[in-house]
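The values are calculated or read from the model by the stated rules, or taken from the named source; none is laboratory data. Keep in mind the model is a prediction, meaning the values are calculated, not measured. Neighbour counts run over all protein chains shown; Cβ positions are idealised from the backbone, glycine included.
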Amino acid sequence: MSQVTNLGFPRIGRRRELKIALESYWKGAIDADALHATARELRQRHWQLQREAGADVVPVNDFTLYDHVLDTAWLFGAVPSGYLELAKTDPLAAYFATARGYKSAGRDLRALEMTKWFDTNYHYLVPELTRDQAFALCGGKPIAEFLEARALGHEARPVLLGPVSFLLLSKTVDGGDRLALLDKLVPVYADLLGKLADAGAEWVQIDEPFLALDLCDAAQHAYRYAYAALAETRTPKLLLATYFSGLDENLPLATSLPAHGLHVDLVRAPHLLDAVLDHLPDDRVLSLGLVDGRNIWRADLHAASGLIKRARAAVSAHRLQLAPSCSLLHVPIDAGMESALEIHPWLAFACEKIAELRTLADAAEGDTAALAAVAASRELQKARRTSKLVVNPGVRERLKQSSTQLQRRGSDYAARKLRQAQTLALPVYPTTTIGSFPQTAEVRHARAAYRAGKLSESEYQTFLENETAQAVRIQEGLDIDVLVHGEFERNDMVEYFGEQLDGFVFTKQGWVQSYGSRCVKPPIIYGDVSRPRPMTVAWSRYAQSLTKRPMKGMLTGPVTMLQWSFVRDDQSRAETCKQIALALRDEVVDLEAAGIRVIQIDEPALREGLPLRHKDRDAYLAWAVACFRIAAAGARDETQIHSHMCYAEFNDIIDAVAAMDADVISIETSRSRMELLEAFTKFQYPSGIGPGVYDIHSPHVPEQTDMLELLYKARTRLKPDQLWINPDCGLKTRDWPEVKAALSAMVGAAKALRQEA
Ligand code: GLN
Ligand code: ZN
């Protein structure tokens with residue numbers, strides 16, 4: 001019989017218990033023992049939950065207090081010396097120092113850089129290595145957690161991040177070659193694996209997600225080298241785990257590595273199965289990733305059963321394991337907590353996903369109840385696809401009628417530019433901001449009071465109007481050219497729109513870890529998206545009524561809404577995105593009719609949606625850009641369309657950014673000292689562009705001279721009539737005194753530049 005296994009479980013807890021404990025510890029409200037006690041309780045509860053849901057084997061060492069990549073760096077002593085020094089006296093403080101920075105008693109340690117874990121919204125800390133990096137096994141977290149689980153009677157499989165993926169996720173700070181460190185790292189892995197074998201671990205799951213990505217020759221060589229070397233030593237059986245993409249051309253490599261088993265993601269790459277079955281040596285275990293670890297829908301168990309049957313025709317049952325496609329880190333824990341939702345029967349969070357695997361395993365053995373559940377699953381999928389909740393014939397009809405004409409503005413950029421210059425009459429080097437102003441404690445308290453029913457609708461309305469009016473006065477006082485209303489009415493840039501659009505729903509406890517203690521509750525797009533009524537017009541109209549200067553309308557773009565949600569899996573992402581784009585298009589037209597002359601459609605997540613494999617990128621960019629254009633192109637030539645992007649590398653997609661055909665785009669760039677501008681040596685960016693002139697994440701108020709310096713740099717690459725002046729991103733996390741000082745310096749820089757013109 002095939003075993004039901006799992007690749008990783010969410011750590012944060014059903015009710016974000018880990019978040020609460022961590023933040024209490026950081027505040028000094030609880031001590032290290034209390035934090036560790038909560039961590040232990042969560043691990044044990046999660047193993048229990050997985051067992052109860054039907055897992056035969058539970059993962060261990062998937063738990064972490066902050067991040068599993070950071071844990072791996074600490075496990076191998078691969079952290080810069082300043083932190084290691086601190087670890088001698090206070091290991092927990094040193095650990096959190098690498099994650100969050102540390103300032104005390106003459107020590108000032110900054111946090112390691114954080115970046116996205118593949119194409120997910122989870123962020124890991126980037127280990128910093130040097131060319132002469134030494135590695136040594138430090139502590140025994142995987143062993144301790146293995147023993148902890150076994151003492152409770154669980155069959156436990158430790159999870160380790162594999163050596164090649166670990167190095168590829170790291171960076172060297174001195175230009176050294178990461179992969180050259182492999183021969184020093186592998187013996188330390190061997191040491192750890194030997195100890196896990198001594199402790200009684202039969203299997204270890206060794207995550208090598210890069211095996212499913214585009215691999216250069218050096219990385220392929222590294223894989224061969226590392227696993228040949230490990231095969232020479234005594235280790236538990238190794239299950240090589242790949243996920244997030246198919247193995248494709250790396251299949252011969254992956255199946256030739258001397259491991260004992262291979263996990264493949266059949267949700268992202270169902271086509272992979274036959275090829276894997278062809279290539280896999282006879283003595284290997286195959287772990288089938290059957291249910292989607294990246295989304296919250298119940299699986300089509302009938303289709304999954306079909307995959308199992310095919311696998312069983314080639315491989316005996318005991319060599320097969322049934323697993324989620326990847327770690328369940330990326331979904332919430334318990335859909336049982338969302339029973340109030342109408343779509344509840346369609347949802348499977350981590351626990352329900354394991355139960356689905358149990359059903360599949362039992363059905364494969366001919367269990368009648370399980371077979372009935374598999375058949376019922378098919379009915380459920382059908383019912384969901386055709387449900388009145390999902391299908392909106394009007395939306396479908398509109399989509400069918402829509403032609404590429406919808407992507408085109410009335411005139412090309414050159415003609416629009418002239419019209420906009422006439423109606424807007426802006427100075428050269430116009431100044432603006434990205435949208436939000438400080439979400440002060442007052443703003444947050446008012447929102448909470450309103451939601452709790454302690455503030456009436458009209459009281460809350462008046463409060464927000466006052467905030468908005470004050471923001472307008474401040475911007476006029478600062479002499480900013482294109483104003484914003486401040487977004488005080490918004491809690492989150494996706495949630496605000498999702499709550500007003502049909503086809504979106506919000507969970508109560510559907511939390512997913514973003515990084516450390518930070519969690520997000522992504523909306524669920526379950527049905528055809530439509531806009532029952534205008535979403536932002538009243539606020540924009542009100543704000544515009546307070547000033548003669550242009551007031552920017554402020555929308556979240558279709559790709560960003562898609563990217564930061566759980567998206568329905570019964571149609572392509574492109575199609576869902578197009579529905580959102582059409583809804584936004586109506587909003588653009590309504591804003592314009594209400595007298596708004598500048599409209600910004602934010603797409604900070606455009607780059608995040610980029611597929612992991614290069615071969616898939618052009619297709620994605622094509623539909624993503626098309627969706628933005630559909631949203632924007634309802635605007636008349638006179639209406640200036642802005643967009644905004646941040647915190648990603650845009651140089652290599654700059655032609656797609658240009659293809660969005662926005663009249664003006666603001667892009668975060670000050671942290672990299674305008675590295676973005678490199679892109680413009682080769683590429684003539686056609687329209688208006690505002691490379692951010694100061695980093696809004698720093699409480700440090702920037703000097704006018706710093707900003708001028710960046711602007712001079714920008715001017716070497718951009719024409720004067722292209723250049724806009726703005727901060728890097730929205731200002732909601734800052735406080736008003738900082739914002740006023742920074743913006744006053746920014747306007748000063750703009751004026752200085754104009755003087756020289
Ligand atoms: N308009 C949004 C804001 O200013 C943009 C946020 C973002 O870039 N993520 O808050
Ligand atoms: Zn931004």
Checking Ala78 against (1) more than 21 Å from the chain's Cα centre (by Cα); (2) part of a helix (DSSP H, G or I), which single condition isn't satisfied? (2)
Within the stretch 636-653, restricting to residues that are away from ligand 1 (no atom under 14 Å from the Cβ) and surrounded by fewer than 24 Cβ atoms within 10 Å (Cβ to Cβ), the one that is modelled with the lowest pLDDT is Glu649
Qualifying positions in the stretch 609-622 - buried (at least 17 other Cβ atoms within 10 Å of the Cβ) and within 13 Å of the chain's Cα centre (by Cα): Gly609, Leu610
Matching residues, the stretch 191-220, being within 30 Å of the chain's Cα centre (by Cα) and at positive phi: none
Here are Arg268, Arg234: which of them is over 29 Å from the mean Cα position of the chain (by Cα), of a type in the set (D, E, K, R) and either farther than 15 Å from Arg157 by Cα or assigned to a loop (DSSP other than H, G, I, E, B) (or both)? Arg234
Got a sec? Which strands (runs of 3 or more DSSP E) wholly within the stretch 103-215 have at least 3 residues that are touching a residue at least 40 places away in the same chain (Cβ under 8 Å)? 123-125, 156-161, 203-207
Residues of the stretch 420-434 being within 38 Å of the chain's Cα centre (by Cα), more than 16 Å from ligand 2 (Cβ to nearest atom) and β-branched (Val, Ile, Thr), which ones? Val428, Thr431
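For the stretch 580-609, give me each residue that is within 16 Å of ligand 1 (Cβ to nearest atom) and in a helix (DSSP H, G or I).
Once the filter is applied, which keeps residues that are within 16 Å of ligand 1 (Cβ to nearest atom) and in a helix (DSSP H, G or I), the stretch 580-609 yields Leu584, Glu587, Val588, Leu591, Arg607, Glu608, Gly609.
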Among the residues of the stretch 610-635, the number that are within 16 Å of ligand 1 (Cβ to nearest atom) and farther than 29 Å from Asp214 by Cα is 2
Restricting attention to the stretch 606-635, the residues that are within 16 Å of ligand 2 (Cβ to nearest atom), hydrophobic (A, V, I, L, M, F, W, C) and touching a residue at least 60 places away in the same chain (Cβ under 8 Å) number exactly 1
Among the listed residues Glu365, Glu352, Glu338, Glu379, which satisfies the condition of being touching a His at 6+ places or on another chain (Cβ under 7 Å) and of a type in the set (D, E, K, R)? Glu338
Hey, does the stretch 348-359 have a residue that's basic (Lys, Arg) and farther than 18 Å from Asn6 by Cβ? no
Residue ranges of helices (runs of 4 or more DSSP H) in the stretch 308-425 with at least 1 members more than 30 Å from Val588 (Cβ to Cβ): 350-364, 368-386
Subset of the stretch 521-564 (residues that are within 16 Å of ligand 2 (Cβ to nearest atom) and either among the β-branched types (Val, Ile, Thr) or not in a helix (DSSP H, G or I) (or both)): Lys552, Met554, Leu555, Thr556, Gly557, Val559, Thr560, Trp564
When residues of the stretch 1-39 are filtered for being more than 27 Å from the chain's Cα centre (by Cα), in contact (Cβ under 8 Å) with a residue 60 or more places away in the chain and exposed (fewer than 14 other Cβ atoms within 10 Å of the Cβ), how many remain? 2
Yes or no: the stretch 718-737 includes at least one residue that is of a type in the set (D, E, K, R), part of a helix (DSSP H, G or I), surrounded by fewer than 20 Cβ atoms within 10 Å (Cβ to Cβ) and within 32 Å of the chain's Cα centre (by Cα). no
Counting just the residues of the stretch 638-677 that are closer than 19 Å to Met707 by Cα and polar (S, T, N, Q), which one comes out nearest to ligand 2 (Cβ to nearest atom)? Ser666
Taking the criterion of being within 16 Å of ligand 2 (Cβ to nearest atom) and either modelled with pLDDT of 95 or more or surrounded by fewer than 24 Cβ atoms within 10 Å (Cβ to Cβ) (or both), would at least one residue in the stretch 678-687 satisfy it? no
Given the criteria within 28 Å of Ala425 (Cβ to Cβ), in contact with a Phe, Trp or Tyr (Cβ under 6 Å, 6 or more places away or on another chain) and part of a helix (DSSP H, G or I), does Ala750 qualify? yes
Expected single match for surrounded by fewer than 23 Cβ atoms within 10 Å (Cβ to Cβ) and at pLDDT below 95 among Gly200, Gly175 is Gly175
Within the stretch 654-673, take every residue that is part of a loop (DSSP other than H, G, I, E, B) and within 24 Å of the chain's Cα centre (by Cα) and give me the one that is farthest from ligand 1 (Cβ to nearest atom). Met660
What pairs come up if the first residue lies in the stretch 593-605 and is within 16 Å of ligand 2 (Cβ to nearest atom), the second is among the hydroxyl-bearing types (Ser, Thr, Tyr) and in a helix (DSSP H, G or I), and their beta carbons are under 8 Å apart, counting only those six or more places apart or on different chains? Asp602/Thr560; Glu603/Thr560; Pro604/Thr560; Ala605/Thr560
Consider Leu464 against the criteria (1) within 21 Å of Thr547 (Cα to Cα); (2) exposed (fewer than 15 other Cβ atoms within 10 Å of the Cβ): it satisfies all of them except one. Which criterion is unmet? (2)
Could you tell me whether Gly246 is out of contact with any Cys (no Cβ under 8 Å at 6 or more places or on another chain), buried (at least 20 other Cβ atoms within 10 Å of the Cβ) and outside any helix (DSSP H, G or I)? yes
Sole miss for Val60 among (1) farther than 29 Å from Pro187 by Cβ; (2) at pLDDT 95 or above is condition (1)
Filter result (over 13 Å from Ala757 (Cβ atoms), touching a residue at least 40 places away in the same chain (Cβ under 8 Å) and of a type outside the set (A, V, I, L, M)) within the stretch 706-729: Lys713, Arg717, Trp724, Asn726, Pro727, Asp728, Cys729
Which of the residues belonging to the stretch 452-499 are within 16 Å of ligand 2 (Cβ to nearest atom), part of a loop (DSSP other than H, G, I, E, B) and among the hydroxyl-bearing types (Ser, Thr, Tyr)? none
Considering only residues that are at pLDDT 95 or above and aliphatic (A, V, I, L, M), which ones fall in the stretch 654-677? Ala656, Val657, Ala658, Ala659, Met660, Ala662, Val664, Ile665
